[in-house]
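Take a look at the structure below.
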Amino acid sequence: MVTFDAQLASIRQDRFDFAIASHGYTEERAKAVDFANLHYCIGGQIVAHKDGPLNIAALKGKTVGVQLGTSYMDNAKKIPGLQELKTYKADPEAFSALRARKTDAWISDKWLIKSTLEKNPDAGLAAGEQVFVERVSMILRKNNPELRDQLNRGLAEVMKNGTYQALSQKYFKTDISCR
């Protein structure tokens, strides 16, 4: 497994042809890699103890955990009044820090949070407000239009034939496309 923040470097070093993860478009990332067409919309969501800060206003003066090198980190930096932003190599570490009350909240991928809370129903945690919406694409090496076009055609086909919608319903119980 390659950590999220190492995926961009791996693409640029030709270790991988492309990566599929929660790569939201940013101008900074677009300097390093190209993006295929959007394949879903997501966003950063707050999770905290049930008596904790579950909305942006309640994060004032609080410590928030995020995964290093992600748009969740970038967007959490924009929240006014945070006491501290703690970064972790991976989301499971940020989750563990929240459970141990080393942070007051954790901001990450909405679907990852949903899955984590479902797998840990006795954790005493709750999903809170969505902090931002992000439009997600596959990433690939710069200046590789042939591969980008192949990825886009494949994505268009599974969206047209219903496979995408079926998988979206099966795993997320909702349409995750950017409509």
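The values are calculated or read from the model by the stated rules, or taken from the named source; none is laboratory data. Here the structure is a predicted model, which means the values were calculated and not measured. So basically every Cβ, Gly included, is an ideal-geometry build from the backbone, and we count neighbours across all protein chains shown.
For D14, the criteria (1) within 17 Å of the chain's Cα centre (by Cα); (2) farther than 21 Å from L155 by Cβ; (3) surrounded by fewer than 19 Cβ atoms within 10 Å (Cβ to Cβ) hold in every case but one, which is (1). Selection within the range 116-125: residues that are part of a helix (DSSP H, G or I) and surrounded by 13 or more Cβ atoms within 10 Å (Cβ to Cβ). The member of this set that is nearest to the chain's Cα centre (by Cα) is T116.
When each of D149, D104 is tested for being under 15 Å from I46 (Cβ atoms) and either buried (at least 19 other Cβ atoms within 10 Å of the Cβ) or in the same structural domain as R29 (by TED's automatic domain parsing) (or both), the lone residue that passes is D104. Checked against the criterion of being surrounded by 16 or more Cβ atoms within 10 Å (Cβ to Cβ) and of a type outside the set (A, V, I, L, M, F, W, C), the candidates R99, R141 yield just one match: R141. None of F35, F95 is in a strand (DSSP E or B) and not aliphatic (A, V, I, L, M) except F35.
Among the residues making up the range 43-72, those that are in contact with a Ser or Thr (Cβ under 6 Å, 6 or more places away or on another chain) and modelled with pLDDT under 95 are L68, Y72.
Under 19 Å from A127 (Cβ atoms) and more than 15 Å from the chain's Cα centre (by Cα) - does that describe any residue in the range 26-49? Scanning the range 26-49, I find at least one residue that is under 19 Å from A127 (Cβ atoms) and more than 15 Å from the chain's Cα centre (by Cα), so the answer is yes.
Just one of the listed residues (A21, A30) is under 30 Å from E157 (Cα atoms) and either touching a Lys or Arg at 6+ places or on another chain (Cβ under 6 Å) or at pLDDT below 90 (or both), and it is A21. Restricting attention to the range 54-99, the residues that are without any contact (Cβ under 8 Å) to a residue 40 or more places away in the chain, under 24 Å from T26 (Cα atoms) and aliphatic (A, V, I, L, M) total 4.
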